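Before any comments, here is the structure.
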Amino acid sequence: MSRVSRKEDQFYDMLLTLSKDVYASVVAWDEITRGWPETRSSIHEVKALEIRCDMTENAILDELNTSFITPFDREDLDAIAREMGEVGDLAEGTSARYDIFDVHVMIPEAAQMTGLVVDAMKEMVVLFEHFHDFKKDPVVKEQAKKIGAIEDEGDIVYRNALGRIFNEPDDPIHVLKWKSLLDPMERTLDYCKTVANVVLSVVMKNA
């Protein structure tokens, strides 16, 4: 028997589904990054996964708009769904830019960044596996803190990468290209941390 006993409780299952969909998207993005340019033909797979993320996110928001009762504050539920959805959007958009920008060789920090996004979303899935019992289950807070620590690590990689590309004797197009790729990579981790922070806020409000 499903643990869902009340209509509003289905939001927990939907958020878990969204986290798994986004995780699949960032794993595909990471594989493309690590295998580029041989993985160029796989970009369409990330697009298909991003569409699935959008469908799950929209289902949550539609349910939110028609539900009188939600398991916690409506604005927090909305923020979690939208911010997590942004991670899937950026995974698709950034992988597409590899082709648009005609990237020939990946800088090492690119794979470090996408790897950290995978790590963050892996922890996010675990978080939402426990989220239905957030008032009692300490794993929820532990996972949120892990995601925050991963984002902090990403900040270091991002800054080091920017410092290197701006100091290399190269053409301005190279610098512009990689800043335009590194920025959304860094934002994906920001969105992950934002979701974690909203979750921590939900826990505190309902303590």
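The values are calculated or read from the model by the stated rules, or taken from the named source; none is laboratory data. The structure displayed is predicted, hence computed values, not measured ones. When we count neighbours, we look across all protein chains shown, and the Cβ atoms used for this are built from the backbone with ideal geometry, even at glycine.
Close Cβ contacts (under 6 Å, 6 or more residues apart or on different chains) running from residues in the range 67-80 that are buried (at least 16 other Cβ atoms within 10 Å of the Cβ) to residues that are assigned to a loop (DSSP other than H, G, I, E, B) comprise Leu77/Thr70.
Just checking, which of Ala110, Ala144, Ala207 is over 30 Å from Phe11 (Cα atoms) and touching a residue at least 40 places away in the same chain (Cβ under 8 Å)?
Values: Ala144 fails: over 30 Å from Phe11 (Cα atoms); Ala207 fails: over 30 Å from Phe11 (Cα atoms).
When all the criteria are applied, what remains is Ala110.
For the range 112-119, the count of residues that are modelled with pLDDT of 95 or more, out of contact with any helix residue (DSSP H, G or I) (no Cβ under 6 Å at 6 or more places or on another chain) and not small (Gly, Ala, Ser) is zero.
Scan the range 49-62 and tell me whether some residue there is within 16 Å of Pro184 (Cα to Cα) and either touching a residue at least 24 places away in the same chain (Cβ under 8 Å) or among the hydroxyl-bearing types (Ser, Thr, Tyr) (or both). Yes, that holds for at least one residue.
Scanning the range 85-107 for residues that are over 9 Å from the mean Cα position of the chain (by Cα) and not β-branched (Val, Ile, Thr) gives Glu92, Gly93, Ser95, Ala96, Arg97, Tyr98, Asp99, Phe101, Asp102, His104, Met106.
For the range 69-104, enumerate the residues that are over 23 Å from Asn58 (Cα atoms) and not in a helix (DSSP H, G or I). Once the filter is applied, which keeps residues that are over 23 Å from Asn58 (Cα atoms) and not in a helix (DSSP H, G or I), the range 69-104 yields Phe101, Asp102, Val103, His104.
Of the candidates Tyr12, Tyr23, the single residue that is closer than 24 Å to Leu200 by Cβ, in contact with a His (Cβ under 6 Å, 6 or more places away or on another chain) and of a type outside the set (Val, Ile, Thr) is Tyr12. For the range 117-139, a tally of residues being touching a residue at least 40 places away in the same chain (Cβ under 8 Å) and within 16 Å of Lys20 (Cα to Cα) returns 12.
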